[in-house]
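Visitor: Before I ask anything, here is the structure I am working with.
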Amino acid sequence: MIDIQIKETPLDEKDCLSAVADEGAGGTTVFIGTVRSMTKGKTVIRLEFESYIPMAKKEMQKIAEYITEKWGALHVSIHHRIGSLEVGEIPVIIAVATPHRKAAFEACEYAIDTLKETVPIWKKEVFEDGEVWVAAHP
Amino acid sequence: MNVKLVAFGIARDILRSSEVQMDLEENASISSLKTLLSKRYPDFEKLKSLRLAINEDYQDDDYKLKENDEVVIIPPVSGG
């Protein structure tokens, strides 16, 4: 089962875990991304996320399908939040259940790495003295 | 032909709008659209990358645009 969601409300890892629950799974990995308080020595006040939602869902679906094929994942759940998030809040959760544990780790790492490269979601870091679109410039 | 461009993130800041209309020659490629964009809005040149999505999929530079394509400017993504 593939469970892809983009939400404006807080994410809950229990939702992702229940989406991937399976008696055939030997291991489940969960990646939880959180908003960090500092970037390059500057204090972050909040992050603002936006997305081209229909395409973002398609790209997340592609990641989940690839994982299912390559690592034999039984279930994949990817939830991403958009809107304004404060320090400590959760922008992304990825849960992957596989028959054996090694595949679960590898597949989950692939998922978050690829999400950061292909999924049309953007975040702006807001500091006390300005704001910047993350990763926009070399 | 007239093409509607939709912009997100820093691309919207560069265009100062979330949508612009551009007049292109028939069958213009994505590559020629990118050139036109950079000429009109030089700040696009400063970005780490610039991709265009047509109808919700990334397309290569040689893709030929058609009337009524939904063209979305995808500046470097930063989800997660």
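The values are calculated or read from the model by the stated rules, or taken from the named source; none is laboratory data. None of these values were measured; they are calculated from a predicted model. Glycine also receives a Cβ, built like all others from the backbone with ideal geometry; neighbour counts cover every protein chain displayed.
Visitor: Quick check on this structure: which one of A:93, A:112 is more than 10 Å from chain B (Cβ to nearest Cβ) and either of a type in the set (Val, Ile, Thr) or part of a strand (DSSP E or B) (or both)?
Guide: A:93
Visitor: Which residues, counting only those in the range A:93-113, are of a type in the set (A, V, I, L, M, F, W, C) and in contact with a helix residue (DSSP H, G or I) (Cβ under 7 Å, 6 or more places away or on another chain)?
Guide: A:93, A:94, A:95, A:96, A:97, A:103, A:107, A:111, listed by residue number.
Visitor: If we scan the range A:102-122, do we find a residue that is more than 19 Å from residue A:3 (Cβ to Cβ) and modelled with pLDDT under 95?
Guide: There is no residue in the range A:102-122 that is more than 19 Å from residue A:3 (Cβ to Cβ) and modelled with pLDDT under 95.
Visitor: In addition: With a cut-off of at least 1 residues that are at negative phi and within 11 Å of chain A (Cβ to nearest Cβ), name the strands (runs of 3 or more DSSP E) lying wholly within chain B.
Guide: B:2-7, B:51-54, B:70-74
Visitor: Could you check residue A:21 against (1) more than 22 Å from residue B:9 (Cβ to Cβ); (2) within 14 Å of the chain's Cα centre (by Cα); (3) among the hydrophobic types (A, V, I, L, M, F, W, C) and say which number it fails?
Guide: (2)
Visitor: Same structure again: Can you go through A:85, A:74 and tell me which one is within 14 Å of another protein chain (Cβ to nearest Cβ) and buried (at least 17 other Cβ atoms within 10 Å of the Cβ)?
Guide: After ruling out the rest, the residue left standing is A:85.
Visitor: Here's another thing I want to ask about it. Restricting to the range A:119-138, give me the number of residues that are over 19 Å from residue B:52 (Cα atoms) and not in a loop (DSSP other than H, G, I, E, B).
Guide: Residues that pass the stated criteria total 7.
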